[in-house]
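I have placed the structure first, in the form of structure tokens, so that the comments after it can refer back to it.
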Amino acid sequence: MKRTALSTAGRIWPNATAALLALGFAFPVYWMFSTAFKPTRDIITEDPVWFPFHGTVEHFATAVHAPHFWALAGNSVVVTVLAVGLSLVIALCGAFALTRMRFKGRRGILLTFMVAQMAPWEVMVISIYLIVRDADLLNSLVPLTCFYTLMVLPFTLLTLRGYVAAVPRELEESAMVDGCSRRQAFRKVVLPLLAPGLMATSLFGFITAWNEFPLVLVLNKEPGTGTLPLWLSQFQTQFGDDWGATMAAASLFAVPILVLFLFLQRKAVGGLTSGAVKG
């Protein structure tokens, strides 16, 4: 009986702690979405309204009809998709080369990517601005796409390298014995096995590029040339910040990430763990 009671208590405390932490992380998200549906009088009241019993969508209408909303939304989608796609292609080729081939300087390349992963991009904003200004590419999506690709590339390559290393070489060799070239063996045998790793890294890249703010703030100051993170700072009235519209805008901004995460969460977690412990 004592052992059973101790084992039950040993399970309760971790579960209770995990539940409290989950509630702590979930509450800001709930408050954001609930505030987006509250009438203005319930937002500015001194007594907090925990649940919007008289919900409204007027704040979402204000957010959607904000100047340049659709242009900035399109810019965000284009830049994010291109950055994720380019980083996946480059990282997949690099991961395969670093895993399957032996050449001089391989360890140095890996070390360079690890250092790049740890380096804070914010300290290079001034240098990046000067480069883009001299190239006459301010207020363009081209530098954003290039630098977002570079931001997510180190993590993508390091993660995919571990996942490629987990695929036995014998599978490729068997395919080549059956008549496939190395490229065909990679495309038909190895690539399908990398799907969880590709999903995990694409999710990370999407979140990174979708949320990036300092760089677009510096490089794309002209109206309609930036991305959605800039859009979130526009909701002000003559009386100050419009918190209802701001929360509605933040909710709209977060929905694509939440949907993508819910769709990919199982395979993404599997891909991250496999890439982290193998290779």
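The values are calculated or read from the model by the stated rules, or taken from the named source; none is laboratory data. For clarity, every value in this text was computed on a predicted model and none was experimentally measured. Ideal geometry is used to build each Cβ from the backbone, glycine not excepted, and the neighbour counts take in all protein chains shown. Calculation scope for accessible area: heavy atoms of the full protein, side chains included, ligands and nucleic acids excluded. Shrake-Rupley method; radii C 1.70, N 1.55, O 1.52, S 1.80 Å.
Hey, does the stretch 90-104 have a residue that's in contact (Cβ under 8 Å) with a residue 12 or more places away in the chain and surrounded by fewer than 15 Cβ atoms within 10 Å (Cβ to Cβ)? No; the residues of the stretch 90-104 include none that is in contact (Cβ under 8 Å) with a residue 12 or more places away in the chain and surrounded by fewer than 15 Cβ atoms within 10 Å (Cβ to Cβ). Can you name every residue in the stretch 131-161 that is of a type in the set (A, V, I, L, M) and over 19 Å from the mean Cα position of the chain (by Cα)? Within the stretch 131-161, ILE131, VAL132, ALA135, LEU137, LEU138, VAL142 qualify.
Any residue that is more than 18 Å from ALA245 (Cα to Cα) and modelled with pLDDT of 85 or more - is there at least one of those in the stretch 36-48? Show your work before the answer.
Pass one, the stretch 36-48, residues more than 18 Å from ALA245 (Cα to Cα): 46-47.
Narrowing the set further to residues that are modelled with pLDDT of 85 or more leaves none.
No, because not a single residue in the stretch 36-48 is more than 18 Å from ALA245 (Cα to Cα) and modelled with pLDDT of 85 or more.
Restricting attention to the stretch 108-142, the residues that are under 23 Å from PRO223 (Cβ atoms), among the hydrophobic types (A, V, I, L, M, F, W, C) and not in a helix (DSSP H, G or I) add up to 3.
May I ask you to say which residue of LEU72, LEU20, LEU86 is open to solvent by 80 Å² or more (accessible area, probe 1.4 Å), under 26 Å from the mean Cα position of the chain (by Cα) and in contact (Cβ under 8 Å) with a residue 24 or more places away in the chain?
On the way: LEU72 fails: open to solvent by 80 Å² or more (accessible area, probe 1.4 Å); LEU20 fails: in contact (Cβ under 8 Å) with a residue 24 or more places away in the chain.
None of the others qualify; the one that does is LEU86.
Is it the case, given these coordinates, that VAL49 is open to solvent by less than 90 Å² (accessible area, probe 1.4 Å) and assigned to a helix (DSSP H, G or I)? When the stated conditions are applied, VAL49 does not pass them.
Per-residue answers, yes or no, for (1) more than 30 Å from MET124 (Cα to Cα); (2) open to solvent by less than 30 Å² (accessible area, probe 1.4 Å); (3) at pLDDT below 80; (4) not in a helix (DSSP H, G or I):
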position: LEU198; (1), (2), (3), (4): no, no, no, no
position: GLY226; (1), (2), (3), (4): no, yes, no, yes
position: GLY244; (1), (2), (3), (4): yes, yes, no, no
position: LEU264; (1), (2), (3), (4): yes, yes, yes, no
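All conditions but one from (1) among the hydrophobic types (A, V, I, L, M, F, W, C); (2) modelled with pLDDT of 90 or more; (3) outside any helix (DSSP H, G or I) apply to PHE103; the one that does not is (2). Looking at the structure I just gave you, is ILE128 β-branched (Val, Ile, Thr), open to solvent by 30 Å² or more (accessible area, probe 1.4 Å) and under 27 Å from the mean Cα position of the chain (by Cα)? So ILE128 fails the test.
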